[in-house]
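K.L.:
Before I ask anything, let me first share the structure, which is written out below as structure tokens.
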Amino acid sequence: MDIPRIFNITESAHRIHNPITPEKLATLGAALRLESGARVLDFGSGSGEMLCTWARDHGVIGTGIDMSQLFTEQAKLRAKELGVADQVKFIHGDATGYVFDEKVSVAACVGATWIAGGVAGTIELLARSLRSGGIILIGEPYWRQVPPTEEVAKGCLANSVSDFLMLPELLASFGRLGCDVVEMVLADQDGWDRYEAAKWLTMRRWLEANPDDELVDEVRAQLTSEPERYAAYTREYLGWGVFALMPR
């Protein structure tokens with residue numbers, strides 16, 4: 001079990017696998033008013049930066065699940081590095097259908113709502129592990145401005161314009177799913193730059209170190225095209241945020 005290898009290559013040097021900076025991640029942790037000992041469940045936990053830093057800064061106890069074996073091992077190393085290995089646990093696995101044995105204060109899926117077929121299914125799944133009065137965290141893209149054509153939407157790596165909503169519409173959609181929006185922290189263009197541009201150096205270094213790998217042509221093609229594509233499309237049209245929800 002693993003994610004497609006191309007992602008393990010391009011994001012191997014990332015600590016955060018979403019367009020959000022460490023400062024914004026810290027802002028989110030503070031905004032949630034986390035209490036020491038609070039339990040956090042994180043689907044698609046990546047390299048563990050959210051759980052590890054919140055364990056260090058707020059004393060939370062966390063469990064993360066991710067399909068990438070590489071990222072899961074990096075998360076375990078990060079927990080040791082920050083001295084919180086006794087507070088957080090990382091599982092290499094598929095979170096689809098996973099329900100935690102003990103109810104948690106925060107149930108998160110930040111940037112991986114495909115786990116349960118989209119936002120609605122992910123909220124429903126996370127709610128099954130949530131204690132009364134707990135918070136669901138959803139990380140999701142939205143349009144900063146509606147793409148004028150389907151071609152522009154595809155340039156943002158969406159399938160179509162209908163894939164995402166404008167921010168007000170996205171917030172309203174959470175209400176229709178039976179949740180109050182109680183906080184949000186939005187990525188900015190610097191966060192997008194740190195997420196996307198950091199891949200380019202990683203790809204170049206990987207190409208230099210792996211000239212005979214079967215994915216050389218794919219990585220080379222991405223390194224050649226991604227800077228221009230990102231600057232023309234994603235950076236201008238696509239937003240991203242983490243939204244804190246409480247079931248009504």
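The values are calculated or read from the model by the stated rules, or taken from the named source; none is laboratory data. Model, not experiment: these values are computed from the prediction. A quick note on method: Cβ atoms are made from the backbone with ideal geometry, for glycine too, and the neighbour counts reach across all protein chains shown. Surface accessibility is based on the protein's heavy atoms, side chains included, excluding ligands, DNA and RNA. Shrake-Rupley method; radii C 1.70, N 1.55, O 1.52, S 1.80 Å.
K.L.:
What does the convex hull of the Cα atoms of the chain come to per residue, in Å³, rounded to a whole number?
P.N.:
Cα convex hull per residue, to the nearest whole number: 121 Å³.
K.L.:
Also, quick follow-up: Among THR224, THR63, THR72, which one shows the highest mean-square fluctuation when the chain is modelled as a Gaussian network with alpha-carbon springs under 10 Å?
P.N.:
Taking springs between Cα atoms under 10 Å, the residue moving most is THR224.
K.L.:
Could you tell me whether the stretch 5-119 comes out rounded, prolate or oblate from its Cα gyration tensor? Rule is a ≥ b ≥ c as square roots of the eigenvalues, rounded for a/c under 1.5, then prolate if a/b exceeds b/c, otherwise oblate.
P.N.:
It is rounded, given that a/c, with a ≥ b ≥ c, falls under 1.5.
K.L.:
To continue, here is another question. Enter the accessible area per residue of the chain (Å², integer; probe 1.4 Å; all protein chains in place).
P.N.:
47 Å²
K.L.:
Okay, next question. Roughly speaking, what is the centre-to-centre gap between the stretch 128-164 and the stretch 182-211 when only Cα atoms are used, to the nearest Å?
P.N.:
19 Å
K.L.:
Pop a pseudo-label 7 angstrom from the Cα along the beta-carbon direction at both ASP213 and LEU171 and give the gap in nm to one decimal.
P.N.:
Here the modelled spin labels are 4.2 nm apart.
K.L.:
What is the percent carbon and sulfur in the accessible area of the chain, measuring with a 1.4 Å probe over the protein chains and ignoring ligands?
P.N.:
Of all accessible area on the chain, carbon and sulfur atoms account for 51 percent.
K.L.:
For the stretch 178-211, list residues with backbone N below 18 Å from a point placed 7 Å from the Cα of ALA26 toward its Cβ?
P.N.:
Residues passing the 18 Å test: 185-188, 190-192, 194-195.
K.L.:
Using amide H atoms built 1.01 Å from N in the peptide plane, name the residues 5+ places from LEU165, or on other chains, whose amide H lies under 5 Å from its own.
P.N.:
The answer is TRP143.
K.L.:
Under 10 Å, Cα contacts only: if you run a Gaussian network model on the chain, which one of THR149, THR21, THR53 comes out with the highest mean-square fluctuation?
P.N.:
Comparing THR149, THR21, THR53 in a Gaussian network model of the chain, the most mobile one is THR149.
K.L.:
Return the Rg/Rh value of the stretch 111-201, two decimal places, where both radii are evaluated on C-alpha atoms and Rh is the Kirkwood radius.
P.N.:
Rg/Rh for the stretch 111-201 comes to 1.00.
K.L.:
Please tell me the relative contact order of the stretch 153-232 in percent, rounded to the nearest whole number, where contacts are Cα pairs under 8 Å and at least six residues apart.
P.N.:
Normalised by residue count, the contact order of the stretch 153-232 is 27 percent.
K.L.:
Still on this structure, I have one more. Below 8 Å between Cα atoms, with a sequence gap of 6+, how large is the relative contact order for the chain in percent?
P.N.:
23 percent
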